[in-house]
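The values are calculated or read from the model by the stated rules, or taken from the named source; none is laboratory data. Quantities reported herein were computed from a predicted structural model and do not represent experimental measurements. Quick reminder, even Gly has a Cβ in these numbers, built from the backbone with ideal geometry, and neighbours come from all protein chains shown.
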């Protein structure tokens, strides 16, 4: 009987260790860089953004353009660097951009989906057209991904720091 309890204790310890490795080994985090310029200082970026909104070719349009004067808008470049510090691949990262008040359009997005092998990183970039003076409060990126077939989610705040 004593041998059976020792064997069961070892099996329980191994299961607990395996569960801990799975949860610790599936660690995904993100660093964010946000740079905003008045549209007048980024004439080419502003022209491309206006064109994508007018042609409705932007990945997402949140508001209509009230004017095409560069002084009324700002161009924001957002870079999100994902770090997979875990032992398992993070697969099928998909993204939902949550705009802030004053965001007009998401003009470019570097990828619709990413895969991150274990112990790796990847970058995702966005270009955003917003009204001049918009704070970006509440802007976020919802990320959904899978680790060993299990669905995980995370929210990355994209506010100006």
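The sole residue among 7, 53, 34, 3 that is out of contact with any helix residue (DSSP H, G or I) (no Cβ under 8 Å at 6 or more places or on another chain), part of a helix (DSSP H, G or I) and at pLDDT 90 or above is 53. Quick check on the range 42-60. Is at least one of its residues within 18 Å of residue 113 (Cβ to Cβ) and buried (at least 16 other Cβ atoms within 10 Å of the Cβ)? For the range 42-60, residues within 18 Å of residue 113 (Cβ to Cβ) and buried (at least 16 other Cβ atoms within 10 Å of the Cβ): absent. If you go through the range 131-161 and keep only what is touching a helix residue (DSSP H, G or I) at 6+ places or on another chain (Cβ under 9 Å), closer than 26 Å to residue 65 by Cβ and in a strand (DSSP E or B), you end up with just 131. Checked against (1) surrounded by 17 or more Cβ atoms within 10 Å (Cβ to Cβ); (2) more than 17 Å from residue 35 (Cα to Cα), residue 107 passes all but a single condition, namely (2).
Residues in the range 58-104 that are in contact with a strand residue (DSSP E or B) (Cβ under 7 Å, 6 or more places away or on another chain), assigned to a loop (DSSP other than H, G, I, E, B) and at pLDDT 90 or above: 58, 59, 62, 63, 89, 102.
Here is the figure for the range 51-98: residues that are without any contact (Cβ under 8 Å) to a residue 40 or more places away in the chain and closer than 15 Å to residue 146 by Cα total 0. A residue that is under 24 Å from residue 43 (Cβ atoms) and not in a strand (DSSP E or B) occurs somewhere in the range 107-122. Taken together, the residues in the range 128-153 that are within 13 Å of the chain's Cα centre (by Cα) and either surrounded by 15 or more Cβ atoms within 10 Å (Cβ to Cβ) or closer than 27 Å to residue 51 by Cβ (or both) amount to 5. In summary, residue 48 fulfils each of the numbered conditions (1) closer than 15 Å to residue 131 by Cβ; (2) under 28 Å from the mean Cα position of the chain (by Cα); (3) in a helix (DSSP H, G or I) with the single exception of condition (1).
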